Structures are given as structure tokens and as C-alpha cells.
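Visitor: Structure in C-alpha cells, see below.
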Amino acid sequence: MNNQNQSKEEIDILQFFSAIGNMFKRFFAGIKNIFVQLFYVFLNFLLLIKKYYLYFGVAMLIGLGLSFLGKNKQDSIYSAAITLRTNFESQIPLQEKIDLLNTLIKKKKYDVLAKELQIDNSTASHFTGFDMQPVINDVFLIDDYENYLMSKDTVVYKYIEFKDYKKNIRNNKSLNNYWKIEAYADVPEVFNVLNKGIRGLLREDKSLHQKEDDYIKMLGLVRTKTLRSLDEIDTLRVVLNKAMLSLSNNPSEGSGIVVNSEKLRGPEGPYNLFYERYRLTNQLDRLTQKIAKYSQALVYLNAFPQYGTKQESIIDNKHVKYPIYAFLLVLLGIFLVQFNHYLNIYQKKKESQSV
């Protein structure tokens with residue numbers, strides 16, 4: 001009885017693996033058939049070109065000829081870019097403004113575009129688009145990561161590693177503070193006006209300005225307190241220096257300050273003024289850097305240059321585009337003719353069946 005059960009289990013296992021093997025065979029056979037069919041499609045395409053090569057050649061020559069007629073505004077496209085830091089969660093409003101600029105360009109509303117960028121209408125008409133992309137860079141992220149940890153309790157430090165922080169930034173780019181804005185224009189000499197225009201895009205965002213004012217005032221208050229503490233430490237140091245000098249000149253006089261080669265006791269020792277002054281000086285340096293870093297909602301890491309760089313994309317060259325368009329137009333025409341031929345054959349077949 002046991003041998004019969006064992007034989008049945010072995011048969012079931014063999015059937016199971018046989019089914020899996022057949023499934024993989026069908027799967028790879030299907031992939032093979034796909035590539036075979038694609039190869040035949042490619043061959044049919046080559047045969048089509050061979051059959052109608054004269055039509056394709058004439059059409060492409062006509063397209064090339066048309067590309068030399070007239071002057072296209074998009075003949076030459078120039079670009080320039082800046083990298084900036086967005087503070088106070090201004091990246092989302094800035095992205096909305098960049099989208100607005102592209103919409104205005106698409107609709108050719110150059111008067112509104114000029115108002116948004118604080119430039120004249122003629123200059124605004126030369127811009128052809130804007131692009132905003134996040135800059136994910138360890139050098140930039142490590143500083144933000146440190147500030148993020150400082151805002152949290154020390155208990156959570158070990159649970160938030162830099163690699164996890166960076167991964168979250170990559171997955172949700174709206175959390176990133178560093179961005180690249182690239183502008184495109186049909187002339188090279190209009191980009192420097194954007195140094196004022198891009199920064200001014202958020203000038204009417206009152207909630208953003210309120211965040212900026214509150215944070216800068218807070219940093220200024222902490223800086224004032226730090227400077228006051230440094231002044232008090234310096235004053236106390238002067239008093240202690242005079243006391244120790246007086247003691248060294250008159251050792252017979254009593255004093256609460258004891259100086260020897262091993263340690264210093266008295267007010268200097270318990271308050272550790274040397275270390276406290278060092279700590280406050282470092283804090284003052286960090287505050288100064290923060291005030292510069294958060295001085296505005298948009299802080300440029302570099303400015304727009306006077307002249308843009310010419311885009312060298314082959315696809316954007318009309319001498320390439322026009323022949324390609326002509327080729328595709330002929331291909332579409334041949335397809336429609338053959339499709340109409342098949343429709344006629346099908347129609348005749350239907351009519352013969354109905355008779």
C-alpha cells in the first residue's frame with residue numbers, strides 16, 4: 001500500500017515538472033515567433049522601399065528643397081541653465097510657474113510672459129521654452145540631511161541613514177531643494193534678463209514671504225543672542241585675566257583662584273570659558289552661513305550667462321526633418337492605397353457571396 005502511494009506521488013511530481021517544462025517551451029517558442037515575425041515585417045518593409053524607391057527618393061528631394069525656402073524661426077535654438085536652491089518649500093510653486101511660462105509661450109501670449117518675467121515684450125517673444133529638473137547630488141544632499149537630523153530627536157538618528165534619506169528624495173522629487181532650470185530661445189543674447197525674472201516669479205506668494213521673514217528673524221535673534229554671549233564671555237575673561245595677574249604679582253594675598261601646572265580652579269574651570277567661546281564661535285559661523293543660505297526663497301548657485309549655447313540636435317535641423325517628413329508622407333500614402341485595394345477585394349468577395 002505504501003509503495004502504491006509513493007508511486008502516485010512520484011507520478012504527480014513528474015507530471016508537475018513536465019507541465020512546467022512545457023510551459024517554458026511554449027513561452028520561449030512564443031518569443032521566438034515574435035522575433036521571426038518582426039524579421040519578416042522588416043523584410044517586407046525593405047521590399048516596399050525597393051518597389052517604390054523612386055517615389056521615396058523624389059519626395060525626400062522635394063522635402064530637402066523646401067527646407068531651404070524661407071527662414072524658420074526655429075532654425076537655431078540656444079539654451080542656458082542655472083542651478084538654484086529652493087527654500088521654504090518653494091519648489092512646487094516654482095514648478096507651477098515654469099509650467100505657466102511654457103503655456104504662455106505655446107499660446108504666444110508674450111505680453112503676459114513679459115509681465116511674469118519683468119521684461120519687455122520683444123525680449124519675451126524670443127523665448128521658446130523652459131525646463132525644470134531636480135539635481136540629486138550627494139554634496140548638496142549631505143548638508144540638508146544634517147539639517148534634517150538636527151531638527152529631529154537624537155533617538156531617531158540610527159533609524160534614518162543617508163542612503164534612506166537619498167532614496168526618499170529620489171522617489172519624491174518634490175522633497176528635493178536643488179533644481180536646474182534651463183531656458184531656450186531663438187537668439188543667444190537674451191538669457192541674462194532671467195536672473196531677475198526667475199527669482200521674481202514668486203514675488204506675489206505672500207505665504208512664502210511670510211515663512212521667509214519668520215525664519216530670517218528667528219536666525220537673526222539667535223545670532224544676536226550668540227553675539228551677546230560672546231561679549232559676556234570676553235568680559236568675564238578680562239576680569240579673570242586681571243585677577244590672575246594680580247595674584248601672580250601679590251601671591252601673599254588670598255584669592256579664590258588657584259593656578260598650577262595641572263589645572264585651573266575658580267570661575268574659569270567650572271564654566272569652561274575656552275570651550276564655551278569655541279562652541280559659540282562655531283555656532284555663529286553656522287548661523288551666518290544659514291542666513292546667507294536662506295536669505296531668499298530662491299538662491300542661485302550660478303547665474304544665467306549673457307549668451308546662450310547653440311543646440312546641436314540633428315533632429316531639430318529642418319534640413320533633416322523635412323526629408324523625413326516627406327518619406328513618412330509617401331509611406332502613409334502607399335499604406336492607404338494598399339488598404340483601399342484590400343477593401344475593394346473584400347467588397348467584391350462580399351458581393352459574390354450575397355449573389
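Visitor: Please tell me if TYR148 is under 19 Å from ASN177 (Cβ atoms) and touching a residue at least 12 places away in the same chain (Cβ under 8 Å). Write out each step before concluding.
Guide: Working: under 19 Å from ASN177 (Cβ atoms): yes; touching a residue at least 12 places away in the same chain (Cβ under 8 Å): yes.
Here the answer is yes, as TYR148 does meet what is asked.
Visitor: Cβ-Cβ below 8 Å, separation at least six or inter-chain, first residue in segment 215-231 and part of a helix (DSSP H, G or I), second surrounded by 15 or more Cβ atoms within 10 Å (Cβ to Cβ) and among the hydroxyl-bearing types (Ser, Thr, Tyr): which pairs?
Guide: Sorted first by the residue in segment 215-231, then by its partner, the pairs are TYR215/TYR294; ILE216/TYR294; LEU219/TYR294.
Visitor: For ASN102, only one of the following conditions fails: (1) closer than 30 Å to LYS321 by Cβ; (2) in a strand (DSSP E or B); (3) polar (S, T, N, Q). What is its number?
Guide: Just one mismatch for ASN102, condition (2).
Visitor: Still on this structure, I have one more. Looking at (1) in a helix (DSSP H, G or I); (2) modelled with pLDDT of 85 or more, which one does TYR346 not meet, given that it meets all the others?
Guide: (2)
Visitor: Now, a different point. Just to be sure I understand the filter: pairs with C-beta atoms under 9 Å, separated by 6 or more residues or on different chains, first member in segment 296-312 and within 18 Å of GLY200 (Cα to Cα), second member aromatic (Phe, Trp, Tyr). Which pairs pass?
Guide: ALA297/PHE88; LEU301/PHE140; LEU301/TYR178; PHE304/PHE191; PRO305/PHE191
Visitor: Right, another one. Return a yes/no flag: does segment 31-38 have any residue that is more than 38 Å from the chain's Cα centre (by Cα), of a type in the set (D, E, K, R) and at pLDDT below 90.
Guide: Within segment 31-38 (the criterion being more than 38 Å from the chain's Cα centre (by Cα), of a type in the set (D, E, K, R) and at pLDDT below 90), the answer is yes, since at least one residue qualifies.
Visitor: Would you check if SER67 is more than 30 Å from LEU298 (Cβ to Cβ), surrounded by 10 or more Cβ atoms within 10 Å (Cβ to Cβ), within 38 Å of the chain's Cα centre (by Cα) and not charged (D, E, K, R)?
Guide: It is true that SER67 is more than 30 Å from LEU298 (Cβ to Cβ), surrounded by 10 or more Cβ atoms within 10 Å (Cβ to Cβ), within 38 Å of the chain's Cα centre (by Cα) and not charged (D, E, K, R).
Visitor: If you go through segment 243-263 one residue at a time, do you hit one that is modelled with pLDDT of 80 or more, at negative phi and either assigned to a helix (DSSP H, G or I) or loosely packed, with under 12 Cβ neighbours inside 10 Å (or both)?
Guide: Pass one, segment 243-263, residues modelled with pLDDT of 80 or more: none.
Looking through segment 243-263, none of the residues is modelled with pLDDT of 80 or more, at negative phi and either assigned to a helix (DSSP H, G or I) or loosely packed, with under 12 Cβ neighbours inside 10 Å (or both).
Visitor: I'd like the residue in segment 166-187 that is part of a helix (DSSP H, G or I) and not charged (D, E, K, R) and, out of all such residues, is surrounded by the fewest Cβ atoms within 10 Å (Cβ to Cβ). Steps first, answer last, please.
Guide: First, the residues of segment 166-187 that are part of a helix (DSSP H, G or I): 166-171, 173-175.
Okay, now just the ones that are also not charged (D, E, K, R), so 168-169, 171, 174-175.
Numbers: ASN168: 12, ILE169: 20, ASN171: 8, SER174: 11, LEU175: 14.
Applying the filter and picking the extreme gives ASN171.
Visitor: May I pose another question? Taking segment 120-134, which residues are over 18 Å from SER79 (Cα atoms) and in a loop (DSSP other than H, G, I, E, B)?
Guide: ASP120
Visitor: Shifting gears a bit: Is it true that PRO323 is within 30 Å of ILE181 (Cβ to Cβ) and either at pLDDT 85 or above or hydrophobic (A, V, I, L, M, F, W, C) (or both)?
Guide: Answer is no for this residue.
Visitor: For segment 84-137, which positions are among the β-branched types (Val, Ile, Thr), under 30 Å from PHE162 (Cβ atoms) and loosely packed, with under 15 Cβ neighbours inside 10 Å?
Guide: ILE92, ILE136
Visitor: Could you look through segment 295-311, keep only residues that are closer than 26 Å to GLN210 by Cα and out of contact with any Lys or Arg (no Cβ under 9 Å at 6 or more places or on another chain), and pick out the one that is modelled with the lowest pLDDT?
Guide: Taking segment 295-311 and keeping what is closer than 26 Å to GLN210 by Cα, we get 295-303.
Remaining after also requiring out of contact with any Lys or Arg (no Cβ under 9 Å at 6 or more places or on another chain): 295, 302-303.
On the way: SER295: 80, ASN302: 91, ALA303: 91.
For segment 295-311, the residue satisfying everything is SER295.
The values are calculated or read from the model by the stated rules, or taken from the named source; none is laboratory data. No experiment lies behind these values; they were computed from the predicted model shown. Methodologically, a virtual Cβ is constructed for each residue, glycine included, from the backbone with ideal geometry; neighbour enumeration extends over all protein chains shown.
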